[in-house]
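Everything on this sheet refers to the single structure shown next.
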Amino acid sequence: MGRTKDGYQLDFFLADPSVIHAKELRQLMAHCWFSLAKDPRYEPIRHSVGESTVEITASDEDVPLATIWDHDILIFLISQVVHMVDTGRIDPRRPGLTSGIQFSGYEYFRFLRKRWRRGGIGFRNYQLLWNGLQRLHRTHVRTDIRSGSLRGESQFYWLSAIKQLRDTETGQHYGYLAELPSWLYQQIVQTAADGRRLVNVVGLDPGYFDLTGGLERWLYLWARKSVDAQRGDWDESFRSLYIKSGSTNSEKQFRFNLRKIIKRNSMIGYELSEIIGRNGPRLGVVRRTGSDLLMSVNQLRLV
């Protein structure tokens, strides 16, 4: 067990951003679980695809939902756990491990490749980080999507607990504590039969964090999940993507925004196109190759 300076006890992982690569849980990539808007969203996200349903609500009517930019924090935390498993610092078969992660704002910003700036901009970044942690802690998820050993309906908050860490003597702030839901932690560390190969996470291109549009960010995650490293292409109807996105825009506006992204053709690692389908337009995605490929083939493998 570890003990923080203020006496809080937990099993915790320490961030090491210099050697950690961005990882994401595959189950969080096909559907949109976060608000794609930069303005606060209070309206719940509800969508159904096939027999699966997703409902995202806030614990309080005055609290906005977690956003696709708050999702960066989850990616950071997931990446910590993956790194610990890869380096043997976590035994995936050890039961009852507390999924608490202690980290500093500097470590988080370094992970995102943000440049430190003195003065007000730096302070604002820290405030935005804490606001994001609070939204993740207060955003409730209810779903019956099957995931590994997870069956039936599941309900959870993105973060089970959060805490600002301060020295009890000086009151100086020195970091944060965030605890992942137990099921999410178990999904991350679940291993294949050989006990070594992670099967539930994939690597993300570091350029993902530079994407400024909410829809563009989600489309990258969708493409990363959908396009197999060997096959290299995928397509899906505009209608299906609209439902999965949980967008508050009309379907007409969603199609308009989607076509603007296709026209720019600047998606990292993937080339997008509109395909005329029998039942309406479809989004085609092809993995870039050669000089256009920002990630190596090994990095793109779904392991």
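The values are calculated or read from the model by the stated rules, or taken from the named source; none is laboratory data. From a predicted model like this one, the values you see are computed outputs, not experimental measurements. Backbone-built Cβ (ideal geometry, glycine too); neighbour counts: all protein chains shown. Remember, those area values only see protein heavy atoms, side chains included, never the ligands or the DNA or RNA. Shrake-Rupley method; radii C 1.70, N 1.55, O 1.52, S 1.80 Å.
Just a few scattered comments:
- When the range 149-178 is filtered for residues that are open to solvent by 10 Å² or more (accessible area, probe 1.4 Å), out of contact with any Phe, Trp or Tyr (no Cβ under 9 Å at 6 or more places or on another chain), on the phi < 0 side of the Ramachandran plot and at pLDDT 80 or above, the ones remaining, listed by number, are Gln155, Tyr157, Ser160, Ala161, Thr168, Glu169, Thr170, Gln172, Tyr174.
- The range 248-303 - residue that is at pLDDT below 90, among the small types (Gly, Ala, Ser) and not in a helix (DSSP H, G or I) and, of those, farthest from Asp205 (Cα to Cα): Gly277
- Among the residues of the range 35-60, those that are within 12 Å of Arg135 (Cα to Cα) and open to solvent by 40 Å² or more (accessible area, probe 1.4 Å) comprise Pro40, Tyr42, Ser59, Asp60.
- Where strands (runs of 3 or more DSSP E) sit wholly within the range 1-91, those with at least 2 residues that are modelled with pLDDT under 85 and out of contact with any His (no Cβ under 8 Å at 6 or more places or on another chain) occupy 12-14, 23-25.
- Leading residue by the ranking (modelled with the highest pLDDT) among those in the range 92-112 that are surrounded by fewer than 22 Cβ atoms within 10 Å (Cβ to Cβ) and of a type in the set (A, V, I, L, M): Leu112
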